[in-house]
Amino acid sequence: MKVRIRRSALKKKRVCGFRARMSTRGGRAVIRRRRARGRKI
């Protein structure tokens with residue numbers, strides 16, 4: 001069995017959250033691509 005990585009919810013949101021994505025040009029591109037695929041961001 002692999003060891004599960006325990007990361008706090010706050011740290012995860014700060015790195016991978018919607019606002020973190022929207023703060024950079026590349027992140028906005030990620031959101032755009034996911035929306036184009038029909039994902040719920």
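The table below gives the values:
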{"item": "Neighbours by Cβ (under 6 Å, 6+ apart or cross-chain): first from the stretch 24-41, farther than 18 Å from residue 14 by Cα; second among the aliphatic types (A, V, I, L, M)", "result": "34/41"}
{"item": "Of all residues making up the stretch 1-13, the number that are surrounded by 10 or more Cβ atoms within 10 Å (Cβ to Cβ) and either touching a helix residue (DSSP H, G or I) at 6+ places or on another chain (Cβ under 6 Å) or part of a loop (DSSP other than H, G, I, E, B) (or both)", "result": "1"}
{"item": "Residues of the stretch 10-41 that turn out to be aliphatic (A, V, I, L, M) and touching a Lys or Arg at 6+ places or on another chain (Cβ under 7 Å), as a count", "result": "5"}
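Each value in this text was obtained by applying a stated rule to the coordinates, not by laboratory testing. These numbers were taken from a predicted model, which means no experiment stands behind them. Positions of Cβ are backbone-derived with ideal geometry, glycine not excepted, and every protein chain shown enters the neighbour counts.
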